[in-house]
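Comments concern the structure below.
Just so it is clear, none of the values below were taken in a lab; they were calculated from the coordinates. Please read all numbers here as calculations on a predicted model, not as lab measurements. Please note: Cβ atoms are built from the backbone with ideal geometry, for glycine as well, and neighbour counts cover all protein chains shown.
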Amino acid sequence: MAYDYECEVFEADALRVSWGINEGERLGALAELCLGDSYTLLPDSAPLRLTLTMGDHIRLKAVDGAPDAFLLAGARVAIRGELKFMSPDSELVAALLLQAGTAWLLLPLNPIRRGPGYTLISVNPEVTDLRMSELVRGCFASGARVTLGDGRLCPVEALRIGQTIRTRDHGPQPLRWIGRVTARAHGSFAPVTFPAGSLGNLGALSVGPLQRIFLYQRGEERLGTQAEVLVQAQYLVDGRRVLQRDTGYVDYYSLVFDQHQIIYVEGIPVESMLVSRATMDRLPATLAEDLAERFPHLNQHAHFAQDIPQERLTEDHRAAILRDKQK
């Protein structure tokens, strides 16, 4: 069964090494890349909007504004690997390196900005698919209780559009959209469950593996460079208290506000769903279509808290986070 995936990509010529071994060179094949090189998205570069047809193979169904010389409708697309970049202010950007004929393309999985140099910190040639089943951040399983504007707790499945929700940075804010999807609890849909108290949460909390937990760090031994960080739930799975269920089905709910927010679920701070072109392209089709129809111009900026990649989170960090939150 084939289905379409719309996305925005940048041609290789749009990203140049501004500092490093390959200074002046464009993005290219994996064998040509060097960790530590800093890439800059050129000021006049514009993304290409592509429609990829997903089936036994990935093919271009339509091309919007792409040169016909190398991006022809029907061309076969290969995913050569996943790249990770870090900006000077510690913003992590993951992207897929695509090849269509002789063309090299970069598909960002979260927003990439023009101007700052992004240092290449990771190259993973084993990532060879679009991970279409992944939910974007901001997914809570049934039963998770959200703090309303008046302080009451309400199960996420009972929320209504227009209700005010308590946010960390902007006080009570109206809820603009609720997305719901039922999925097999497997792989990137398998929920992560935090037992009551493990993060200071009032009750057991099940969230999508990509859902990020907000942590305020005290003391000098910090994750990253900031006191305020966001950590994906899947990175806190320890196999003893915090588990990931890989069986049955799960109902997930996504909450959208006028701005990307830190809200409280089971009493702990977590993020709402971030709405941008990059994240909407990773939503299940039914949710993405509904959200795009209701909010065609909504393009949010991510919360200022620092995103922590998995490689920075050690077993000692994980144990400290869970231990400290239980006190």
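Among 151-161, 192-202, 20-30, sorting by the average number of other beta carbon atoms lying within 10 angstrom of each residue, highest first, gives 192-202, 20-30, 151-161.
Full extension of the chain between Arg294 and Glu315 gives 3.3 nm of extra length, using 0.36 nm per residue less the Cα-Cα distance.
Please state the relative contact order of segment 141-204 as a whole percent: Cα pairs under 8 Å, 6+ residues apart?
21 percent
Assuming charge only on the beta carbon of Lys and Arg (+1) and of Asp and Glu (-1), the dipole of segment 170-260 about its Cα centre is about 200 debye to the nearest 20. Measuring between their Cα centroids, segment 139-174 and segment 16-45 lie 44 Å from each other.
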